[in-house]
Amino acid sequence: MKSKVEIQYQGHNVLDSDLINQAKDYWKQSGRKIGEIKTLDIYVKPEECCAYYSINNDEQKGRIEF
């Protein structure tokens, strides 16, 4: 099954896959390997035009703007 989630809010659009890929890129930029990711939680705040992510239960956290 293929699926897609698109968040739309006040003229802004973002795909779930874009947020996931961005979080993975931040992880790789910190010198880690994608295979080390066990959990990835993303919390979307459309009113702030951003999402917050947490990898491996807060091992790495950050903000993604869209």
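The values are calculated or read from the model by the stated rules, or taken from the named source; none is laboratory data. Predicted model only: the values in this text are computed from it and were never measured. Cβ coordinates were reconstructed from backbone atoms using ideal geometry, including for glycine residues, and neighbour counts include every protein chain displayed. In case anyone asks, the SASA skips ligands and DNA or RNA and just uses the protein heavy atoms, side chains included. Shrake-Rupley method; radii C 1.70, N 1.55, O 1.52, S 1.80 Å.
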- Task: Select from the stretch 15-27 the residues that are over 16 Å from Asn56 (Cβ atoms) and open to solvent by less than 60 Å² (accessible area, probe 1.4 Å) and list them in ascending order.
- Result: Leu15, Asp16, Ser17, Leu19
- Mind checking which pairs have a first residue in the stretch 40-54 that is among the polar types (S, T, N, Q) and a second that is exposed (fewer than 15 other Cβ atoms within 10 Å of the Cβ) and part of a strand (DSSP E or B), Cβ under 6 Å, 6 or more apart or different chains? Ser54/Asp41; Ser54/Lys61
- Message: Could you check the stretch 28-66 and list, in sequence order, the residues that are small (Gly, Ala, Ser) and either surrounded by 14 or more Cβ atoms within 10 Å (Cβ to Cβ) or within 17 Å of Gln10 (Cα to Cα) (or both)?
- Response: Ala51, Ser54, Gly62
